[in-house]
1. Given the structure, is A8 in contact with a Leu (Cβ under 6 Å, 6 or more places away or on another chain), in a strand (DSSP E or B) and among the aliphatic types (A, V, I, L, M)?
2. Applying the selection to region 32-41, what residues are touching a residue at least 12 places away in the same chain (Cβ under 8 Å) and farther than 15 Å from I21 by Cα?
3. Which residue is modelled with the highest pLDDT, if the candidates are limited to region 28-46 and must be of a type in the set (S, T, N, Q) and surrounded by 14 or more Cβ atoms within 10 Å (Cβ to Cβ)?
4. Just checking, does region 4-11 include any residue being at pLDDT below 90, at positive phi and not aliphatic (A, V, I, L, M)?
5. Output the number of the condition that L25 fails; it satisfies all remaining conditions of (1) out of contact with any strand residue (DSSP E or B) (no Cβ under 6 Å at 6 or more places or on another chain); (2) of a type in the set (A, V, I, L, M); (3) surrounded by 17 or more Cβ atoms within 10 Å (Cβ to Cβ).
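The values are calculated or read from the model by the stated rules, or taken from the named source; none is laboratory data. Because the structure is predicted, anything quoted here is derived from the model rather than measured. Backbone-built Cβ (ideal geometry, glycine too); neighbour counts: all protein chains shown.
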Amino acid sequence: MEFKNNVAFVTGGTRGIGRAIALELANHGCHIAFNYRSSETQAQTLVSELKRRDVKLTVIARIFQI
């Protein structure tokens, strides 16, 4: 499958499976949008790792709680 220049939205991107998926898709040239609920530190770490892969990214923090 070709992922280069596609965009993937990964929920829960800062931990576990979501993080692994975001990194793997980025390794294949996919641009990444991810969200996180509580850990800004983990989100910043993921942003740093994704920037090294030369892909575009968007981060969506938790804005409200229901």
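1. Here the answer is yes, as A8 does meet what is asked.
2. Our first condition is that a residue be touching a residue at least 12 places away in the same chain (Cβ under 8 Å); within region 32-41, this holds for 32-40.
Within region 32-41, R37, S38, S39, E40 meet the criteria.
3. Residue satisfying both the conditions and the ranking: Q42.
4. yes
5. The number of the failed condition is (1).
Let's see how each residue does on (1) touching a Gly at 6+ places or on another chain (Cβ under 6 Å); (2) over 19 Å from E2 (Cβ atoms); (3) not in a loop (DSSP other than H, G, I, E, B):
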residue	(1), (2), (3)
F34	yes, yes, yes
Q44	no, yes, yes
D54	no, no, no
T58	no, yes, yes
